[in-house]
Amino acid sequence: MEIELAKSYGFCFGVKRAIKKAEQIKDAATIGPLIHNNEEITRLWKNYNVKTLESIDELKDEKKAIIRTHGITKQDLEDLKRKNIEIFDATCPFVTKPQKICEQMSNEGYEVVIFGDENHPEVKGVRSYVSTKAYVVLDEKELLDIKLPSKIAVVSQTTKKVEKFMEIVNFLMLKVKEVRVFNTICDATFKNQEAINELAKKSDVMVIVGGKNSANTKQLFLIAKNYCQDSYLIENEKEIQKEWFKGKEKCGISAGASTPDWVINLVLEKIKEYA
Ligand code: SF4
């Protein structure tokens, strides 16, 4: 069986930056997981004493707090600033961008449509910067029964598909007089998505490595599944099953933007045993 890695996969700029920061800062707490990858979170905790807390309320005698790549809400940031703790911001600049756009656009009186999952931490954070009205949607149909204002701004969760974003924008163009569109989908996601598209078309089994709580990993899995029925999403090499590769000629591998190389290498070695 031939094994091929996607042309672009794994760690993105924002995640690399956050991990480097966490390794340098050490002995700190992050509010929510720094990145969406349990293996890496465990490594940071064991080797650098960087622990993950669920919320600000869990802070006790920690001296340093790191803000995760997906950012936190404006309110949480204000609460954090009131505590006696040093704050290090590891929010990815691609996430800070829609936060700033939301703040600025709503200051100018625009209501905001956010294309994304309303329960995702990044979207919760971005939404918190809207001081007018925010509509968080995954599909333009969700806007059908809403009385839309005359001017609206549109942003996207960084990990969403550009085609769907365009459908939402097109819908708004027909309904609203003034639409300000900000493509806030990040490059890294885009490159990994394009590469998996290409690879899944020519593979008969696909393995996607990444956190099951990672939106961009799940997105990669969905794209792979679209072209290759036998696609599997795994967090580490222990989940791999020999039967997946029986009678297969080509196995494609990709990984989410928060998956470290050392996890991908372990997966690769395991698959080679079954090739
Ligand atoms: S996937 Fe994009 S937005 Fe998310 S951390 Fe990476 S570079 Fe930043």
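The values are calculated or read from the model by the stated rules, or taken from the named source; none is laboratory data. Please read all numbers here as calculations on a predicted model, not as lab measurements. Don't worry about glycine lacking a Cβ; one is built from the backbone with ideal geometry, like all the others, and counts go over all protein chains shown.
One table, with the values for the structure above:
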{"quantity": "The range 81-105, subset in contact (Cβ under 8 Å) with a residue 40 or more places away in the chain and either more than 23 Å from the chain's Cα centre (by Cα) or surrounded by fewer than 13 Cβ atoms within 10 Å (Cβ to Cβ) (or both), residue nearest to the ligand (Cβ to nearest atom)", "calculated": "Pro93"}
{"quantity": "Selected residue (only one of Lys16, Lys21 is basic (Lys, Arg) and under 30 Å from Lys201 (Cβ atoms))", "calculated": "Lys16"}
{"quantity": "Pairs with Cβ under 6 Å, 6+ apart, first in the range 145-159 and hydroxyl-bearing (Ser, Thr, Tyr) and within 16 Å of the ligand (Cβ to nearest atom), second modelled with pLDDT of 95 or more and in a loop (DSSP other than H, G, I, E, B)", "calculated": "Ser156/Thr184"}
{"quantity": "From the options Glu78, Glu58, Glu62, residue that is within 27 Å of Ile185 (Cα to Cα) and away from the ligand (no atom under 14 Å from the Cβ)", "calculated": "Glu78"}
{"quantity": "Some residue of the range 7-16 being outside any loop (DSSP other than H, G, I, E, B) and modelled with pLDDT of 95 or more", "calculated": "no"}
{"quantity": "Top-ranked residue in the range 203-224 [being in a loop (DSSP other than H, G, I, E, B) and surrounded by 20 or more Cβ atoms within 10 Å (Cβ to Cβ); ranked as farthest from the ligand (Cβ to nearest atom)]", "calculated": "Ser203"}
{"quantity": "Residues (over 24 Å from Phe115 (Cα atoms) and surrounded by 20 or more Cβ atoms within 10 Å (Cβ to Cβ)) located in the range 247-258", "calculated": "Cys251, Gly252, Ile253, Ser254"}
{"quantity": "Among the residues listed as Ile185, Ile152, Ile114, Ile168, the single one being under 30 Å from Glu4 (Cβ atoms) and buried (at least 19 other Cβ atoms within 10 Å of the Cβ)", "calculated": "Ile185"}
{"quantity": "Test: residue in the range 239-246 that is surrounded by fewer than 23 Cβ atoms within 10 Å (Cβ to Cβ) and among the β-branched types (Val, Ile, Thr)", "calculated": "yes"}
{"quantity": "Tally, over the range 132-162, of residues that are out of contact with any strand residue (DSSP E or B) (no Cβ under 8 Å at 6 or more places or on another chain), within 13 Å of Ile114 (Cβ to Cβ) and of a type in the set (A, V, I, L, M)", "calculated": "0"}
{"quantity": "Residue match in the range 22-32 (condition: within 20 Å of Ala188 (Cβ to Cβ), among the hydrophobic types (A, V, I, L, M, F, W, C) and without any contact (Cβ under 8 Å) to a residue 24 or more places away in the chain)", "calculated": "no"}
{"quantity": "Pairs where the first residue, in the range 217-229, is more than 18 Å from Lys191 (Cβ to Cβ) and the second is surrounded by fewer than 20 Cβ atoms within 10 Å (Cβ to Cβ) and modelled with pLDDT of 95 or more, C-beta under 7 Å, 6+ apart", "calculated": "Cys228/Asp204"}
{"quantity": "Enumeration of residues in the range 65-75 that are more than 16 Å from the ligand (Cβ to nearest atom) and under 22 Å from Asn49 (Cα atoms)", "calculated": "Ala65"}
{"quantity": "Top-ranked residue of the range 66-80 - restricted to ones that are hydrophobic (A, V, I, L, M, F, W, C) and under 22 Å from the mean Cα position of the chain (by Cα), ranked as farthest from Thr259 (Cα to Cα)", "calculated": "Leu77"}
{"quantity": "Scope the range 126-162; condition assigned to a helix (DSSP H, G or I) and under 19 Å from the mean Cα position of the chain (by Cα); matching residues", "calculated": "Val126, Arg127, Val162"}
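Residues are listed down the side, and each one gets a yes or a no for (1) acidic (Asp, Glu); (2) modelled with pLDDT under 95; (3) surrounded by 21 or more Cβ atoms within 10 Å (Cβ to Cβ):
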position: Ala28; (1), (2), (3): no, no, yes
position: Ile31; (1), (2), (3): no, yes, yes
position: Glu40; (1), (2), (3): yes, yes, yes
position: Ile56; (1), (2), (3): no, yes, no
position: Lys74; (1), (2), (3): no, no, no
